[in-house]
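Working notes, structure below.
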Amino acid sequence: MASERISVSRAAHGLHGCINVPGDKSISHRVAILGALARGSMRVKNYLCSEDCLNTLRAMQQIGAQVTPGNAPQDFMLTGCAMQPAAPQRDIDCGNSGTGMRLMAGVLAALPFESRLYGDRSLSKRPMKRILDPLTQMGARVEACGEKPGCAPLHICGGTLRPIDYTLPMASAQVKSAVLLAGMLTRGTTRVHQPAVTRDHTERLFAHFGIPCSVSEDGLDIAVTGPVDIAARDITIPGDISSAAFWLVAASIVPGSELTLRNVGLNPTRCGIIPVLQRMGADITIGNRVNAGEPYGDITVRHAPHLHGTDIGGAEIPNIIDEIPVLAVAAAFAEGTTAIRDAAELRVKESDRIATTAGNLRAMGAAVEELDDGMSITGGAPLHGATLQSFDDHRISMSFLMAGLAADGTTTLEGCQNIGTSYPGFEDTLRQMAAE
Ligand code: S3P
């Protein structure tokens with residue numbers, strides 16, 4: 001677990017070297033869930049051993065999956081229950097993870113037993129109605145029984161569902177995936193229409209496991225036909241672009257930097273941060289591209305002396321949704337104004353990321369205007385170090401530690417233990433980078 005409080009100061013000599021970021025969080029959750037239901041054993045390589053994804057793996061062990069350790073913690077054999085899941089003996093702890101809870105709710109709603117999912121303080125405040133609505137339409141008995149209406153814990157009486165055609169009210173890969181996972185366990189064809197393309201890892205993994213799924217040419221309509229028989233199949237998970245994002249921004253804003261990030265996932269529905277930073281004048285190149293179900297490659301980033309503001313909004317938002325706090329940090333170091341719009345979903349993440357990002361940037365001396373659906377940042381003036389809160393949000397902790405590497409004085413983040421939910425090893429890499 002990361003320290004509770006982490007301090008950094010300006011990285012006077014720049015950031016140098018190669019970084020292997022850990023496995024992709026979104027893909028790891030989905031691999032655990034699908035592999036747990038599969039027939040047979042599969043070798044999983046580079047699983048993200050963060051608290052969020054380990055919670056999902058433990059939950060899957062509770063319903064009958066078996067995990068045999070490999071040579072490294074992130075490599076193991078996963079043996080599925082061949083669609084004969086057992087009822088969990090205990091309530092399922094989803095920790096901090098909205099993805100874990102929403103995806104598992106989709107699966108558990110279609111399995112013939114009762115289960116209860118709970119999470120930490122942050123997760124217990126996040127909206128679950130968005131999955132309860134479609135799952136209820138499918139005939140599921142799922143109830144949100146949290147102190148806050150519509151929030152976790154979730155009580156699920158699983159059973160046979162019916163297929164639906166569902167139009168998502170918001171662009172959310174979690175909601176899309178919850179419906180598709182319930183659909184794959186349901187007789188007939190379940191269809192989802194999304195207002196904008198969201199990360200397509202579920203669809204790609206369906207293809208990997210031979211699950212009958214079709215996607216329209218524009219990527220907006222997805223159909224899955226169940227019930228499925230999943231055959232286990234080995235998989236290697238690429239590095240997480242959302243973790244790489246911190247270093248892409250840090251190297252861009254810290255003079256003298258040159259970093260290479262190895263084997264990072266380059267799924268086109270996920271890596272929008274690269275074109276956005278390039279539009280701002282960043283120096284980013286991609287090498288060793290490989291396409292193996294999920295594309296990945298090495299990303300080299302050098303300091304960008306002339307970053308400038310840009311407009312960010314519309315259909316690119318789902319593609320960069322988790323990277324917006326760190327993009328806002330880049331914007332504070334860029335000349336001119338960056339306007340981020342159409343990003344109201346940020347208000348229901350691990351923290352209200354519009355408020356927490358804007359508040360922390362202001363505390364470092366940046367000019368930020370908070371908008372209902374985003375923020376407007378006028379950058380270029382030097383930022384100064386400050387003592388900041390992370391608001392139970394791993395991405396806020398890491399984004400502002402990156403800002404601290406380029407700011408005057410010392411920046412201290414309080415409440416950094418949450419970094420372990422997505423990026424184990426981050427603090428060690430930060431120490432190495434800051435020491436050079
Ligand atoms: C995720 C989808 C996104 C993202 C989250 C992971 C996923 O959430 O913010 O970190 O793995 O499906 P939404 O679907 O709520 O936008």
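Please treat every number below as a calculation from the coordinates, not as lab data. Predicted model, so just to flag it, every value in this text is computed and none were measured. Cβ: placed from backbone, ideal geometry, glycine included. Neighbour counts: every protein chain shown.
Structural remarks
- Ranked packing of 95-104, 188-197, most packed first, by mean Cβ within 10 Å: 95-104, 188-197
- Between region 130-165 and region 97-121, the Cα center-to-center distance that results, in Å: 9 Å
- Potential extension, Q66-E114 segment - 0.36 nm per residue separation minus Cα distance: 15.2 nm
- Sorted by Cβ neighbour density within 10 Å, fewest at the top, the residues I377, I33: I33, I377
- One chain, two ends: T410 and C157. Fully extended at 0.36 nm per residue, the span grows by 85.9 nm beyond their Cα-Cα distance.
- Put in line by how crowded their Cβ is, counting other Cβ atoms within 10 Å and starting with the fewest, Y423, Y47 read Y423, Y47.
- Taken over the chain, the convex hull of the Cα atoms encloses 121 Å³ per residue.
- Kirkwood radius for region 46-125, taken over all pairs of different Cα atoms as the inverse mean of 1/r, rounds to 13.2 Å.
- Estimated from helical segments only, the mean residue ellipticity of the chain at 222 nm is -9000 deg cm²/dmol, where each DSSP H run of four or more residues counts as -39500 (n - 2.57).
- Averaged over residues, the count of other Cβ atoms within 10 Å places the peptides 201-211, 161-171 in the sequence 201-211, 161-171, highest first.
- Extension gain for R279 to Q89 (0.36 nm times residue separation, less C-alpha to C-alpha distance): 63.3 nm.
- Proxy reagent accessibility, fewest Cβ within 10 Å first, across E316, E369, E217, E294: E217, E369, E316, E294
- Size of region 1-140: Rg and Dmax of its alpha carbons, in Å, are 17.6, 60.
- P(r), alpha carbons of region 67-204 - 5 Å bins starting at zero, rounded %: 2, 10, 19, 21, 20, 15, 8, 3, 1
- Here's the list of lysines a cross-link from K148 could span, going by alpha-carbon distance under 22 Å and ignoring same-chain residues fewer than 8 apart: K125, K129, K349.
- Per residue, the convex hull around the alpha carbon atoms of region 326-392 comes to 68 Å³.
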